[in-house]
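Okay, so here's the structure we're looking at.
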Amino acid sequence: MSKASESVVFVTLAEIARLAGVGRAAVSNWRRRYENFPAPVGGSDTSPQFSLLDVEQWLRAENKIKATVEPLDRLWPEFEALGDRETMGYLVAAVGLRLGSGGDLSRAMEPRALDAQQTGLLERAIGIAAGEGAVRTFDFLLERWLRTHFRQVNATPEPLADLMTHISALVHRGDAHTVLDPACGTGALLRAAGKPHEEATRMPKLFGQDRDPVLAALATARLAMAGYSAEVTTADTLRADSHADVRSDVVLCNPPSNERDWGHAELATDHRWAYGYPPRTEPELAWVQHAVAALAPGGVAVLVLPPAVAARRAGRRIRAGLLRAGMLRAVIALPPGAAPPHGVGLHLWVLGTSEGLSASDHLLLVDTAHGLGPASMGKGSIDWPRLRKSVTAALSGERLSESASVPVIELLDEQVDLTPARHIPGLDVANIVDLRRSWTRFDTHLRELREVAGLLSALAPQEVDSSATHTTVAELERAGAIEIHGGQGLPDELVQRGERPEDAVPVLTIPGLMIAEETEYWLPAEYVARGEADGSLTVTASPDVIVVGVVRAFEVRVDTDAPSVLGPQLYALRTDPSVLDPWFLAGCLHAPGNVRRAGTHASTSSRVDVRRLRVPRLSLDEQQGYGEIYRRLTVFQRELGRLRASGGELARSLSDLLATGRLPRN
């Protein structure tokens, strides 16, 4: 590669939209309308990249650039131009260390040295921070880096980090002089551990370690920006513990999971395995025992673990050993969406040093996934304040429906299954009120289904008009009858789950559309407003026609509940209502034959080229007639699904009542 090409700063369509102060769809239209629009110089057909210099020159020539371009928006493309994840991450860390108090740049960056280009970019970032603010500048760069590399970084969300810190304070009940995170990532847990002490005269000493040197550098910078004194090292903790001589009052950890190469063979005789030698398939239990070994007398550890760790047969001896020794204090099941991976309800294990257990000792089990209602079904957002209140009450000894204090002797069976839902009575047992509600829902859906079925059954098929002609979505787009807006991938750490606030915006995803349920993800309104303005998000408007761009999951629906944020491989078709009826369009696109024509190849996992989908040429009056029929058909399909779901729920309630001898008799 030539030096000239190396110095090119690349920008994406979303970044061009930010520079121009428009949505990304507008930039796509400019590419089609203006022959002199700069040609891509990198990227791919679906994600092209352009020269920032060429783009700025074109925007100015066409009078389309914003009067004032935000300095940080202009800065970030230069960071991305550095190319690889490591170089970008180190430079973001360098910015934080220069701006923060007490950051040791040489130690955190060693052995990485900045070249002349990177040093110049560092100085430019420091200069921008003088006007934008140090915290805002670093947070902006870190957030952009995490968004760019979210698939490679398992970041602990701030609400979960705060909850873990709160739990440790409840159980420890004393001043925490030392806090350790042996898999610290970008330092979220250590940052949360320091927050409660910011107004205190004494800050606990923070220790962190991560095998990824980029993450360790970012953690050092993050803590330096917060003004915390911390010692963060780079090494594989299980193989080379940098803090082996440290005994901590609190250990907070969200360790890597499902790893096989964690040092099973070489660590066979390690002194940390006091409760059993971890099987190769149980790396999480190696981390648990590492955390216990790092505790000072009376110390507390809180770890995030996959739910399978509580029940897998291979780990039952270690779980039993922890119970017998009195080390395991509580297992707390979180609702799905509390942290990546968002589809799994993770567990928090609370461990603490103890003299040992007698036959009367108990283990606290808490199931917030059930206790918090909608979050347990994966719909809407997590109500973090309510979750924190529930966990606090359970740890304080209050009797709750979602918690139970189980005698350890009852858990020491052949399985040693510590899954909270298996031991908390009453979570899944129906009552008479549940039964009445189930019958009411079933009757409502049955009545609505009968009504729409009566309207549809009165329709009679007509002879096919062989003279009818068709057009394509591409032709309709060129004619201005349709605008096509594609969805984008969304960083996991930004998307929320659980009960959705009124002002939040739901996120449409392929899984959500496939199961025909309410969206289970959402984004804060202020973030959506920024994303829509800078083109980084696609937000629907009613009644956009939503099309899934994958053959195996092909679906079409009218978004009557807009606005929604469009996820990846989804398209919003926005019609001109004076020319094209959206319900008619949706009905035509949904035809099975249409997707066969529009698939990009024969594989069932192929993409759907939405521009190749066909639509009959009919007058607007005819379209509206057919559109009303399709709307009724949509209602029929929806109510059929809801009837099936409510019928299943009703059957389960009846079975529960029958099994417990509480089924009412006439």
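The values are calculated or read from the model by the stated rules, or taken from the named source; none is laboratory data. These figures come from a predicted structure and were not determined experimentally. When we count neighbours, we look across all protein chains shown, and the Cβ atoms used for this are built from the backbone with ideal geometry, even at glycine. SASA here: full protein model, heavy atoms, side chains in, ligands and nucleic acids out. Shrake-Rupley method; radii C 1.70, N 1.55, O 1.52, S 1.80 Å.
Report yes if some residue within region 557-578 is closer than 21 Å to Arg614 by Cβ, among the acidic types (Asp, Glu), touching a residue at least 24 places away in the same chain (Cβ under 8 Å) and open to solvent by less than 20 Å² (accessible area, probe 1.4 Å); otherwise report no. The answer is no, given that none of the residues of region 557-578 is closer than 21 Å to Arg614 by Cβ, among the acidic types (Asp, Glu), touching a residue at least 24 places away in the same chain (Cβ under 8 Å) and open to solvent by less than 20 Å² (accessible area, probe 1.4 Å).
As a summary of the residue check, Arg312 satisfies the conditions (1) within 17 Å of Ser257 (Cα to Cα); (2) touching a His at 6+ places or on another chain (Cβ under 6 Å); (3) basic (Lys, Arg) except for the one numbered (2). A Cβ distance below 6 Å, combined with a sequence gap of six or more or placement on separate chains, defines the contacts here; from region 140-159, residues that are under 11 Å from Gly89 (Cα atoms) reach residues that are among the charged types (D, E, K, R) in the pairs His149/Arg85.
Thr201 meets each of the listed conditions (1) open to solvent by 10 Å² or more (accessible area, probe 1.4 Å); (2) of a type in the set (Ser, Thr, Tyr); (3) touching a helix residue (DSSP H, G or I) at 6+ places or on another chain (Cβ under 9 Å); (4) not in a helix (DSSP H, G or I) apart from (3).
Residue count for region 616-629 under the criterion of being more than 18 Å from Ala481 (Cβ to Cβ) and free of Cβ contacts under 8 Å to residues at least 60 places away in the same chain: the result is 2. Answer yes if at least one residue in region 159-182 is open to solvent by 30 Å² or more (accessible area, probe 1.4 Å), at pLDDT 90 or above, more than 25 Å from the chain's Cα centre (by Cα) and closer than 28 Å to Gly133 by Cβ, and no otherwise. No - not one qualifying residue is present in region 159-182.
For region 115-131, filtering for residues that are under 33 Å from the mean Cα position of the chain (by Cα) and open to solvent by less than 80 Å² (accessible area, probe 1.4 Å) leaves 8. Among the residues of region 228-257, just one is within 13 Å of Asp210 (Cα to Cα) and without any contact (Cβ under 8 Å) to a residue 24 or more places away in the chain, namely Ala240. Under the condition of being outside any strand (DSSP E or B) and either small (Gly, Ala, Ser) or modelled with pLDDT of 95 or more (or both), the residues counted in region 219-235 number 7. Filtered by the rule that a residue be without any contact (Cβ under 8 Å) to a residue 60 or more places away in the chain and either buried (at least 24 other Cβ atoms within 10 Å of the Cβ) or farther than 24 Å from Arg151 by Cα (or both), region 318-345 gives Ile318, Gly321, Leu322, Ala325, Gly326, Met327.
The rows are residues; the columns are (1) open to solvent by less than 40 Å² (accessible area, probe 1.4 Å); (2) assigned to a helix (DSSP H, G or I); (3) modelled with pLDDT of 90 or more.
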residue	(1), (2), (3)
Leu585	yes, yes, yes
Cys588	yes, yes, yes
Gly593	yes, yes, no
Arg596	no, yes, no
Ser603	no, no, no
Asp621	no, yes, yes
Gln624	no, yes, yes
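Out of Glu56, Glu15, one residue alone is outside any loop (DSSP other than H, G, I, E, B), among the acidic types (Asp, Glu) and modelled with pLDDT under 80. It is Glu15.
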